[in-house]
1. Would you kindly derive the ³J(HN,Hα) couplings of segment 124-139 from the backbone phi angles with the Karplus curve 6.51 cos²θ - 1.76 cosθ + 1.60 (θ = phi - 60°), listing them in order in whole Hz, with x for Gly and Pro?
2. Quick one: Karplus J couplings for segment 467-480, per residue in order, coefficients 6.51, -1.76, 1.60, θ = phi - 60°, nearest Hz, x for Gly and Pro?
3. Extension gain Glu352-Asp286, at 0.36 nm per residue separation less the Cα-Cα distance, in nm?
4. How high is the FRET efficiency between Asn257 and Lys372 when r is their beta carbon distance and R₀ equals 30 Å, given to the nearest 0.05?
5. State the percent of C-alpha pairs, over all pairs in segment 386-506, separated by a distance greater than 26 angstrom.
6. Going Cα to Cα from Lys462, which lysines come in below 22 Å? Please leave out same-chain ones fewer than 8 positions away.
7. Could you pull out every residue, at least 5 positions away or on a different chain, whose amide H is within less than 5 Å of the one on His181? Hs are placed 1.01 Å off N in the peptide plane, and Pro or chain starts have none.
8. Leaving out ligands and nucleic acids, and using a 1.4 Å probe, what accessible area per residue does segment 386-506 come to in Å²?
Amino acid sequence: MDDSPLSSRIPRRHLMKLAAGGGAAAALAVLPGCSSKDDGDGESPTSGPTSSGATSTAGATATRTTTHPEPGPKVLQSTGGILKATLTVQPEMIAHGTGTRWALTVNGHTPGPTLRVKPGDSLRLTLDNQTGHSTNIHTHGLRVSPTGNADNPFLEIKHGEKFDYQIDIPADHPGGSFWYHPHFHHHVAEQLYAGFFGLIIVEDAVDRLPEIAGATERLLLLHDTTIGSNETAVMSANMMAQREGREGDVFVSGQQNATFEAAAGKLERWRILNASASRFYRLKLDGHPMFLMSTDADRLPAPLRVDEIALVPGERIEVLVQPAAAGSYALKSLSVGRGSMMQGSNIISNPEFTLATMKVAGAAPVPPLPAKLANTEDIRSMAQPKTREVVFSMQGQMGGATFLIDGKTFDPGRIDIRIPLDTVEDWIVRNTSPMDHPFHLHIWPFQLMEHSSGLVDGIQWKDTINVPANGWVRLRIRFSKIPGKTVFHCHILDHEDLGMMATIEVA
Ligand code: C2O
Ligand code: CU
Ligand code: CU
């Protein structure tokens, strides 16, 4: 895909462009719909006891159809409260068009297997590191312990070692879409870029709402990489590419220009992850509004119509789409700017391109949306908590730029912020640089309160949020339940590797 920078920058916009009302796409002629296909990977659903702590909903028994653009990642599902799996990460030549390309695969695929769990489950993952380098695993967005052999970003698993993780998901964990990727400092961008990542799904009562349970679920995992024949070609990036944040050819769940068939009249439920190391996307679906049902860390109270939506690295959304009329509809990424090393010039942005195409055969009445999704907590009106300011900055230009948080580069041995357990803080995250930096905090999600472009409308629980060049965000963070030391950082992972990361200890 062509990455040539555009000469002009689109105006900065808030997270998403919203249109009022819950209107539905118009239904056209009525013809029989066609049924969507199952991903058929043969993994049987769990029959063990579910320890879901989510509120109960009238049990719908509609069969879930999970479909990736073929031949998408495998699904591994917990049984009896445990998901036990070995993730072997290794370099491989994988099929690409009529030839092959070099990638870091997880159990033979990129993306790696999708891990499907329930609140209260325990993830017992053995990381078998055959990458040739040190690495580790981070479960992005999960509210779990960051210590010991849980979601600990400070671990080093050397080449040839096997390491047993035990990540216990609390019984009151919200449902949604999370993901795993490596987090070994200085090597995160290149290892993710090479293909080491996968989705984590936490199921909850929202999944059992009749409209949702009856929908076709698709996993759209957006990733870009370099198509090359060896490790150096794929994993190495020059200093300029690292400073800007490397970008490559875009894949959706391992496919380029994927096409999928949606049944007219059957609701589509898409889990979309930006697993790119640096690339921003601005999504728009031809002919259909999308209805947002989840932001990174929790559900929305009710579906919210979005005509387009930006997704920065690390972010996830879940959206509902109502196919009703026959046609071929492109899911596009529109042009999106993310600033530049140089104040006011050399804009990095992507021209518009098609990510995947939804084909709808026949026509049917517009499938209904659920009226309500969840009783999502809203802490905007609580008494103003202690406010802390965190500054992301860049010093120097092209040649010797450094990436800093509060004036410092990352030092794993230093504790930058100490917070007593069970306190709430407002963080003003300020970006004094001419490039955007997506802020990400492990373990403790935040409610987005305010943005340099305006107040935030509605409830949005997030763990990753873009802080625009020379802009800021205000986040309300509840440091509750889980103690431990972990990190926050820029999710342009080259910036993280260059030191735009800091430590936090909650105790
Ligand atoms: Cu998605 Cu610290 O990571
Ligand atoms: Cu994370
Ligand atoms: Cu950054």
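The values are calculated or read from the model by the stated rules, or taken from the named source; none is laboratory data. Everything quoted here is computed from the prediction, not taken from an experiment. Using ideal geometry, Cβ is built from the backbone for each residue, glycine included, and neighbour counts are taken over all protein chains shown. Note: areas computed on protein heavy atoms with side chains; ligands, DNA, RNA excluded. Shrake-Rupley method; radii C 1.70, N 1.55, O 1.52, S 1.80 Å.
1. With coefficients 6.51, -1.76 and 1.60, one gets 10, 9, 9, 8, 9, 8, 10, 7, x, 9, 6, 7, 6, 10, 10, 9 Hz.
2. Karplus values, whole Hz, x for Gly and Pro: 10, x, 3, 6, x, 7, 9, 10, 10, 9, 10, 9, 8, 10.
3. On the way: separation 66, 0.36 × 66 = 23.76 nm, distance 1.28 nm.
Answer, rounded to one decimal: 22.5 nm.
4. 0.25
5. 16
6. Lys462 reaches Lys17, Lys118, Lys284, Lys372, Lys386, Lys481, Lys485.
7. Amide H to amide H, under 5 Å and 5 or more residues apart or across chains, His181 pairs with His138, His140.
8. I get 31 Å² per residue for this part.
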